[in-house]
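> Below: one structure in structure tokens.
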Amino acid sequence: MPTATVRFLGAAGTVTGSKHLVDTGTSQILLDCGLFQGLKQLRERNWAPPPIAPGEFEAVILSHAHIDHSGYLPALVRHGFQGPVYCTPATADLLHLMLPDSAHLQEEQAEYANYRGFSRHKPARPLYTLEDARAALTLLESRPYGTAFDVTPDLRAAFHPAGHILGSAIISLEVGRAPERLVFSGDLGRWGRPVLPDPTLVEEADVLLVEATYGNRLHPADPVDDLARVVREAARRGGALVIPAFAIGRTQELLWHLRQLEEAQAIPVLPVYVDSPMAIEATQIYRRHREDHDAEMQALMESGVKPFRTAQFTFAPSRLESIRLNDLVGPVIIISASGMATGGRVLHHLSLRLPDPRTTVLLVGFQAQGTRGRALQDGKREIRMLGHEVEVRATIESLDGLSAHADQAEILRWLQGFRRPPHRTYLVHAEAAAADALEEIVASRLGWSVRPARDGETVPLGSGTT
């Protein structure tokens, strides 16, 4: 009988590009289908031919909608993939925003590069088009949490709430007739965070793939106090507080906290602008999918409170409304995507306001190597964006405590929910230092067989060692 295997095609030794190929011996499926982001050598992998021919596997199963887990789908479709793409209902709704937006940004960036002449490629072309993204959306098949479904004749899957963003899921797979049980954490959320439920504890796995993004760090106990401090100090400087934030998940949590801080009179009431068409629609999707709400969110919704609306709140959906924000004088809060400053409208705000010493930039999540957000976090005094060098005279703040990723202690808490150790545990979605630190603590505290996944390797799903 053929040995079932999993092959790591992304997010192994790095955070982005999540792709894991499961081969039962008679069928193959892909767990996640993400874009590589950050370092140039990673981004260039997006342009290579697909690591496996689209006709050689039957389906894709997505853990959630973030682009580093879903954003390669249109490229896969462009290369000929036509199989089903399974995800939760909320993920499906979010992908109808994110994939066209990703395609639009790539088309827009290629157009801008051609206009300014700063691309090495003549002409610059997008990785995929809006047409490709729309074709990918026709393949989506949503499945609810907690209900097992057949993917192929020898592979059965189920989704469990992960608490990371709306619709995020831990994926459990039963592979083969025996069966072997593979569990993929996707991106694990956190305990006690607003809006979403805590991560689901899973009791059984033969092989476990678990994210280790923050495997070497602990989040601050109460990031809300630091958020209040940053807002107060930014207001005193009199400039703009620019917050690069993912339109889905981070933006909604920020708005939740800002509303609560205003109500507690812990911060001054400032004009708050959300410059992201996607965030506008995503916020409505967050309100609609009550299967993903925790008890506090449900109570607020039932009482008529608008949980994501501050006292002086404005969306800027159009490009013209975004441009008008350039004329604003502080203090003012501008929340705009993308969260690592790799693209999107936030680049224009940063390009304009980074040279102003009155500006504060608040980084509110993980900043991958090679991103502009990471360069700002590391103290670079000059950042290249939109074809030119931008001087950094602004105050740069970081708030890891608002991360939607579980930290080291929270990952351990989730792992301790298993009734028995998996035969093998592989650490994915992490840079080397984080994965190495988590490997050491899981091995020493839990006594598990654990190690970081290696890019491109294939490992068995049976009980043997590797």
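The values are calculated or read from the model by the stated rules, or taken from the named source; none is laboratory data. As the structure is a computational prediction, the values presented were derived from the model and not from experiment. Methodologically, a virtual Cβ is constructed for each residue, glycine included, from the backbone with ideal geometry; neighbour enumeration extends over all protein chains shown.
> Among helices (runs of 4 or more DSSP H) lying entirely in the range 355-466, which contain 1 or more residues that are among the small types (Gly, Ala, Ser) and within 30 Å of Arg43 (Cβ to Cβ)?
Output list reads 372-377, 432-446.
> Within the range 209-245, can you find the residues that are surrounded by fewer than 24 Cβ atoms within 10 Å (Cβ to Cβ) and not in a helix (DSSP H, G or I)?
Asn216, Arg217, Leu218, His219, Pro220, Ala221, Asp222, Gly238, Gly239 - these are the residues of the range 209-245 that are surrounded by fewer than 24 Cβ atoms within 10 Å (Cβ to Cβ) and not in a helix (DSSP H, G or I).
> Here's something else I'd like to know. Among the numbered criteria (1) outside any helix (DSSP H, G or I); (2) closer than 30 Å to Arg413 by Cβ; (3) modelled with pLDDT of 95 or more, which one does Leu270 miss?
All conditions are met except number (2).
> Would you mind finding the one in Leu399, Leu386, Leu438, Leu363 that is within 28 Å of Leu241 (Cβ to Cβ), buried (at least 22 other Cβ atoms within 10 Å of the Cβ) and in contact with a helix residue (DSSP H, G or I) (Cβ under 9 Å, 6 or more places away or on another chain)?
Working: Leu399 fails: buried (at least 22 other Cβ atoms within 10 Å of the Cβ); Leu386 fails: buried (at least 22 other Cβ atoms within 10 Å of the Cβ); Leu438 fails: within 28 Å of Leu241 (Cβ to Cβ).
Answer to the check: Leu363.
> Given the condition within 22 Å of the chain's Cα centre (by Cα) and within 13 Å of Leu241 (Cβ to Cβ), answer yes or no: does some residue in the range 322-334 qualify? Before you say what the answer is, go through the steps one by one.
Taking the range 322-334 first, the residues within 22 Å of the chain's Cα centre (by Cα) are 334.
Narrowing the set further to residues that are within 13 Å of Leu241 (Cβ to Cβ) leaves 334.
Taking every residue of the range 322-334 in turn, at least one turns out to be within 22 Å of the chain's Cα centre (by Cα) and within 13 Å of Leu241 (Cβ to Cβ).
> Also, quick follow-up: When you go through (1) among the aliphatic types (A, V, I, L, M); (2) touching a residue at least 24 places away in the same chain (Cβ under 8 Å); (3) outside any helix (DSSP H, G or I) one by one for Val305, which number turns out not to apply?
It is condition (2) that Val305 fails.
> Tally time: how many residues in the range 177-190 are surrounded by 19 or more Cβ atoms within 10 Å (Cβ to Cβ) and either in a loop (DSSP other than H, G, I, E, B) or not assigned by TED's automatic domain parsing to the domain that holds Val15 (or both)?
6
> To continue, here is another question. Anything in the range 253-302 that is within 18 Å of the chain's Cα centre (by Cα) and β-branched (Val, Ile, Thr)? List them, or say none.
Ile280, Thr283, Ile285, listed by residue number.
> Of the residues Gln260, Gln284, which is of a type in the set (S, T, N, Q), in a helix (DSSP H, G or I) and surrounded by 15 or more Cβ atoms within 10 Å (Cβ to Cβ)?
Gln260
Residue by residue, here is whether (1) closer than 28 Å to Val346 by Cβ; (2) of a type in the set (A, V, I, L, M, F, W, C) holds:
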site: Gly365; (1), (2): yes, no
site: Leu399; (1), (2): yes, yes
site: Leu402; (1), (2): yes, yes
site: Gln416; (1), (2): no, no
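> If you check Val224 against the conditions, is it more than 16 Å from the chain's Cα centre (by Cα), among the hydrophobic types (A, V, I, L, M, F, W, C) and under 29 Å from Ala433 (Cβ atoms)? Give the derivation first.
Details: more than 16 Å from the chain's Cα centre (by Cα): yes; among the hydrophobic types (A, V, I, L, M, F, W, C): yes; under 29 Å from Ala433 (Cβ atoms): yes.
Yes; evaluated as a whole, the condition is true for this residue.
> Would it be correct to say that Gly344 is crowded, with 16+ Cβ neighbours inside 10 Å, in contact with a strand residue (DSSP E or B) (Cβ under 8 Å, 6 or more places away or on another chain), of a type outside the set (A, V, I, L, M, F, W, C) and not in a helix (DSSP H, G or I)? Spell out how you get there, then give the answer.
Values: crowded, with 16+ Cβ neighbours inside 10 Å: yes; in contact with a strand residue (DSSP E or B) (Cβ under 8 Å, 6 or more places away or on another chain): yes; of a type outside the set (A, V, I, L, M, F, W, C): yes; not in a helix (DSSP H, G or I): yes.
When the stated conditions are applied, Gly344 passes them.
Listed here are the residues, each with its yes/no results for (1) of a type in the set (Ser, Thr, Tyr); (2) assigned by TED's automatic domain parsing to the domain that holds Ser18; (3) modelled with pLDDT of 95 or more; (4) within 30 Å of His257 (Cα to Cα).
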site: Asp356; (1), (2), (3), (4): no, no, yes, yes
site: Thr360; (1), (2), (3), (4): yes, no, yes, yes
site: Gly365; (1), (2), (3), (4): no, no, no, yes
site: Thr371; (1), (2), (3), (4): yes, no, no, yes
site: Phe418; (1), (2), (3), (4): no, yes, yes, no
site: Asp436; (1), (2), (3), (4): no, yes, yes, no
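> Shifting gears a bit: If you scan the range 303-341, which residues turn out to be surrounded by 13 or more Cβ atoms within 10 Å (Cβ to Cβ) and either on the phi > 0 side of the Ramachandran plot or among the aromatic types (Phe, Trp, Tyr) (or both)?
Phe308, Phe313, Phe315, Ala341
> Being surrounded by fewer than 17 Cβ atoms within 10 Å (Cβ to Cβ) and not small (Gly, Ala, Ser) is the filter; apply it to the range 138-153 and report the residue that is nearest to Gln106 (Cα to Cα).
Among them, the one singled out is Thr138.
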